[in-house]
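Here it is, the structure, as structure tokens.
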Amino acid sequence: MKAHPWMANSGGSAKEEMLAALGVNSVEALFAQIPEDHLMERPLELPPQLASEVALSRHLDDMLGKNTVFPTGACFRGAGAWPHYVPAICDEVVGRYEWQTSVFGSPASDHGRNQAWFEFTSQIGALVEMDFVGLPVYSWGCAIGHAVRMASRMTGRRKVIIPEIMDPERRMVLETYCEPVEMARHIEIVPVKVGADGAMDRDDLRAKVDGAAALYFETPGYLGVIDPDPGALCAIAREAGAEAIVGVDPLSLGLLEAPGAYGATLAVGPTQPLGVHMYAGGGVGGFIASPDDERYAREYNTLNVSISETRVKGEHGFGLALFHQSSYGMRDEGKDWTGNSVYLWALANAAYMSAMGPEGFAEIGRLIMARSRAAAQALDGLEGVSVDLSRPVFKEFVATFNRPVAQVNASLRAAGLLGGKDLTGEPGIEGHAALFCVTEAHTEDDIDRLVAAVKEAVA
């Protein structure tokens, strides 16, 4: 039997030896528990295997060559992964060979790695003004799901309140974490109305919050809107005995008040804006933060890093804490599944936050606010385009057009620009609308180019 070029043990007598060790005569016997009607009866249509590394490299190049890659300044689409500038130091740090271990999430003593992770958690904690931060999970949506399940375990309740206008992808992830209604640990998701100002309706919230494990809302929200008084929402949740979970864009915290300062009990958000490329929106990271209270700490599913003095005066050591409660320590009995996550990106995040510092966060926050506002005003000035300028937004805003967004975006694409996300038909959206994203990576010339292209698209 010829071995597969990438699996040396696939040829020779390896298969017979493994079957003999298992006490079976065929590979099919290993799948006897699968019902007959679930088995494929026809051959699986696969392309011929590639016999050389040269052929494989050529194949991958051909596949990747089909992608259209937009320069950062030509990309005006966010909605989950945003076009931010990634400092060279971030790529340099994560590319160092010291981090290239086979299992990056292992509990083995590795003081350099653990200290780098501790710096990440400390910096996120300073941003959100909370003292306990776990290592990042796969995405913002995953962070929401884990935080909601933490709240459910702490309160013993099975209901979470969310705004009716929420990123569809993040909501789908939350629905997955809340499980089907047939499951014993199902959590009911109850949406609350969002007013014309883009903020959660306080009266509707009060009518629905009783018996909830948590309230979840975002500021800035999915459509970029900044809630005028997030502390009031947190107070309503706490008065009902629910956890107040707030989703935040970390780059907004150079301008906006931190969730820990206005009464949030859990904070979540994306880590991709902190020195991570967009990477097609996959594995971009999400953080979870809370007060440094045992009630919260005992419910984290993440890897958690702690610092301690050593026997040597002035020396400190770093290690994983509460490891036993993770899925690494307790498998299916752990506090949700942990799994290998975006731990390498935590190092990029730490490098980014260290390089920025408090002044850098304030500066980038002002810059993003100013440039997104300038783009919104310029687009609103075009005939056939409308933008609501009455409410403050951060980084993203909604533009309504006199024609289908698909037509507008096709015209922008022909001009070498990636337009906003098509929102048509989503909750709270009327007419043909798109969500545009403008960040510090966009120059005034980029914005002028966008406005000129949109003007031509709607003419």
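Can you tell which of LEU253, PRO191, TYR300 lies farthest toward the positive end of the dipole of segment 88-353, using +1 and -1 charges on the Cβ of basic and acidic side chains (Lys, Arg; Asp, Glu)?
TYR300
Enumerate by residue number the GluC sites (Glu not before Pro) in segment 307-348 meeting two conditions: DSSP loop (anything except H, G, I, E, B), and at most 10 other Cβ atoms within 10 Å of the site's Cβ. Could the numbers behind the result be given before it?
Values: sites: GLU309, GLU315, GLU333; in loops: GLU315.
Listed in order of number, the matching sites are GLU315.
Follow-up. Which residue, chosen from ALA32, GLY12, PRO48, occupies the Cα position most advanced towards the positive end of the dipole of segment 8-64, where the dipole is computed from +1 (Lys, Arg) and -1 (Asp, Glu) charges on Cβ about the Cα centre?
GLY12
Subtract the Cα-Cα distance of VAL54 and GLU426 from 0.36 nm times their separation in residues, and report this length gain in nm to one decimal.
Details: separation 372, 0.36 × 372 = 133.92 nm, distance 4.63 nm.
Stretched out fully, the VAL54 to GLU426 stretch lengthens by 129.3 nm.
Tell me which residues come under 5 Å, amide H to amide H, from GLU243 once H is placed; ignore anything under 5 positions away on its chain.
When sequence neighbours closer than 5 places are left aside, the close amide H contacts are ALA214, LEU215.
If I stretch the segment between ASP61 and LEU255 completely, what's the gain in nm (0.36 nm per residue apart, minus their alpha carbon distance), one decimal? Working shown, then result.
Working: separation 194, 0.36 × 194 = 69.84 nm, distance 4.29 nm.
Difference between extended and current length: 65.6 nm.
Sequence-distant or interchain residues sharing an amide H contact under 5 Å with GLY269, placed H: which?
VAL248, PHE287
Oh, and also: Kindly write out, for segment 348-357 in residue order, the coupling ³J(HN,Hα) from the Karplus curve 6.51 cos²θ - 1.76 cosθ + 1.60 (θ = phi - 60°), rounded to whole Hz, with x marking Gly and Pro.
Here the 3J(HN,Hα) series is 4, 4, 5, 5, 4, 5, 5, 5, 6, x Hz.
Now for a different question. So, with +1 on the Cβ of K and R and -1 on the Cβ of D and E, and no other charges, what is the size of the charge dipole of segment 88-353 about its Cα centre, to the nearest 20 debye? Before the final figure, lay out the partial values.
Numbers: 21 positive and 35 negative charges, 121 e Å.
Charge dipole, segment 88-353, about its Cα centre: 580 debye, nearest 20.
At what distance in angstrom do the alpha carbon centres of segment 403-439 and segment 240-295 lie from each other?
27 Å
So, one more: Between ALA321 and residues 5 or more places away or on another chain, which pairs have amide H atoms under 5 Å apart, with H built 1.01 Å from N, and which residues are they?
ASN304, VAL305, SER306
If each of GLU36 and TYR279 carries a label point 7 Å out from its Cα toward its Cβ, how far apart are those two points in nm?
4.6 nm
Evaluate the distance, in nm, between pseudo-label points positioned 7 Å from the Cα of THR443 and of GLU188 along their respective Cα→Cβ axes.
The modelled label-to-label distance comes out at 5.6 nm.
Now for a separate question. Note down the magnitude of the dipole of segment 8-64 about its Cα centre, charges +1 on Lys and Arg C-beta and -1 on Asp and Glu C-beta and zero elsewhere, to the nearest 20 debye. List each step's numbers first, then the result.
Numbers: 3 positive and 10 negative charges, 32 e Å.
Value, rounded to 20: 160 debye.
For the pair GLU294 and GLU315, what calculated FRET efficiency results from E = 1/(1 + (r/R0)^6), where r is the Cβ-Cβ distance and R0 = 30 Å, to the nearest 0.05? Please report the intermediate quantities before stating the final value.
On the way: r = 27 Å, r/R0 = 0.90.
The pair GLU315/GLU294 has a calculated efficiency of 0.65.
Separate question: Estimate the FRET efficiency between SER327 and GLU179 by the formula 1/(1 + (r/R0)^6), using the beta-carbon distance for r and 22 Å for R0, to the nearest 0.05. All intermediate terms of the calculation are to be shown ahead of the outcome.
Numbers: r = 16 Å, r/R0 = 0.74.
Using R0 = 22 Å, I get an efficiency of 0.85.
What fraction, in whole percent, of alpha-carbon pairs in segment 88-353 exceed 25 Å separation? Present the calculation step by step, with values, prior to reporting the outcome.
Numbers: 14960 of 35245 pairs.
Of the Cα pairs, 42 percent sit more than 25 Å apart.
With +1 on each Lys and Arg Cβ and -1 on each Asp and Glu Cβ, and nothing else charged, work out how big the dipole of the chain is about its Cα centre, in Debye to the nearest 20. If you can, show how the numbers build up before the last one.
Values: 37 positive and 60 negative charges, 49 e Å.
Roughly 240 debye, rounded to the nearest 20.
While we're on this one: Per residue, how big is the convex hull of segment 298-402 when only Cα atoms are used? Give it in Å³. Display every interim value, and only then the final one.
Working: hull volume 20.9 nm³, N = 105.
Each residue corresponds to 199 Å³ of Cα convex hull volume.
To continue, here is another question. For the chain, what proportion of DSSP beta bridges, expressed in % and rounded to the nearest 5, is antiparallel? Each step should come with its number before you reach the end.
Details: 27 of 43 bridges.
Percentage antiparallel, nearest 5: 65.
Moving on. With bins 10 Å wide starting at 0, give me the P(r) of segment 1-47 over every alpha carbon pair, in whole percents.
With 10 Å bins starting at 0, P(r) equals 21, 37, 39, 3.
Positive end of the dipole of the chain, charges at C-beta (+1 Lys, Arg; -1 Asp, Glu), about the Cα centre: which of PRO358, VAL148, VAL405 has its Cα farthest in that direction?
Sorting the options by dipole projection puts first VAL148.
What does the extension gain come out to for SER13 and ARG391, with contour length at 0.36 nm per residue minus their alpha carbon separation?
Numbers: separation 378, 0.36 × 378 = 136.08 nm, distance 7.01 nm.
Gain in length upon complete extension: 129.1 nm.
Which distance in Å, rounded to a whole number, links the C-alpha centroids of segment 1-77 and segment 306-376?
A separation of 36 Å, based on Cα centres.
Mean projection of the alpha-carbon convex hull of the chain over all orientations, in nm²?
Details: hull surface 111.6 nm².
Average of the hull's projected areas for the chain equals 27.9 nm².
List the trypsin sites (Lys or Arg not before Pro) within segment 238-332 that fall in a DSSP loop (any state other than H, G, I, E or B) and whose Cβ has at most 12 other Cβ atoms within 10 Å.
On the way: sites: ARG238, ARG295, ARG298, ARG311, LYS313, ARG331; in loops: ARG298, ARG311, LYS313.
Those satisfying the criteria are ARG311, LYS313.
Next question, about the same structure. For the chain, what is the mean residue ellipticity at 222 nm derived from helices alone (per DSSP H run of n ≥ 4: -39500 (n - 2.57); sum divided by total residues; nearest 500 deg cm²/dmol)? Each step should come with its number before you reach the end.
On the way: 13 runs with 161 residues, N = 459.
So the calculated ellipticity at 222 nm is -11000 deg cm²/dmol.
Read-outs throughout are calculated quantities, based only on the coordinates presented, and are distinct from any laboratory measurement. Model, not experiment: these values are computed from the prediction. All Cβ positions, glycine included, derive from the backbone under ideal geometry; neighbour counts span all protein chains shown.
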